[in-house]
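The values are calculated or read from the model by the stated rules, or taken from the named source; none is laboratory data. Model, not experiment: these values are computed from the prediction. Counting neighbours? That spans all protein chains shown, and the Cβs are built from the backbone with ideal geometry, glycine included. Note: accessible area is taken over every heavy atom of the protein model, side chains too, but ligands, DNA and RNA are not part of it. Shrake-Rupley method; radii C 1.70, N 1.55, O 1.52, S 1.80 Å.
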Amino acid sequence: MNIEQNKNSMKKFEVMINTADLNLANQLISANAKFTTPVSPEPLVGGEGYLSVVHFMRSGFSNVQWKIEDMVAERNIVAVNWTCTGTHDGEFLGIKPTGKSFSARIMNFYYFNEEGKIINDIAAEGMIAILKAIGAC
C-alpha cells in the first residue's frame, strides 16, 4: 500500500464529490466496490453508485460542498474529517426547503485495494446514531 498515493487520491476524491465528475469517480473507485447507505435499500456499486449519493444530497442542497479538514492514513485506510456545507433549497427526505444553511463535521474511513482504488467507505455516525436509537430523529 502506498499511503501517500492514497492520500493524494483523497484530494482528487474531494474534487470528484464537489463536481460530481463520473470519469474521476471511475478512476478513484473500484468498479465492484459496494457501498451501503441509508438512502438505498440495496448496496450502491462503483463510481456511479457512489455519485448517486452525491446527486441525492444535491437534490436537497444544490450548493453542497465537502472540504477535507484533516486526513490520517495507515496501511490501506484513510480517515478523513470533512466539513460539509450547503443550503436547504430543495426537498430532502420529505422536508420542504427551508432556505437554512448548514455546516457539519463528518468523519469517514476509506479503504483502498492493491490498485489504489477505493473499495469501501464507512461513515462514523456519532451523535446521530444515539439520536436514532432513542427515537429523536
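Points worth noting:
- Solvent exposure of the chain, expressed per residue, is 58 Å² of accessible area, with all protein chains present and a 1.4 angstrom probe.
- Label-to-label distance, Ala124 versus Ile3, with points set 7 angstrom from Cα along the beta-carbon direction: 1.8 nm.
- Within the straight-line cut-off of under 13 Å between alpha carbons, the aspartates and glutamates reachable from Lys12 are Glu4, Asp21, sequence neighbours fewer than 8 places apart in one chain being disregarded.
- Filter on Lys7/Lys67; Lys34/Lys67; Lys11/Lys117 - keep pairs with C-alpha separation over 20 Å: Lys34/Lys67
- Between 0 and 90°, nearest 10: helix 3-19 axis offset from the chain longest Cα axis: 40
- Rg(Cα)/(2.2 N^0.38 Å) for segment 57-106, N = residue count: 1.41
- Carbon/sulfur fraction of accessible area - the chain, other protein chains in place, 1.4 Å, %: 56
- Neighbours of Arg105, meaning other residues whose beta-carbon lies under 14 angstrom from its beta-carbon, give a summed charge of -2 when Lys and Arg score +1 and Asp and Glu score -1.
- Share of pairwise Cα separations in the chain, more than 25 Å, in percent: 26
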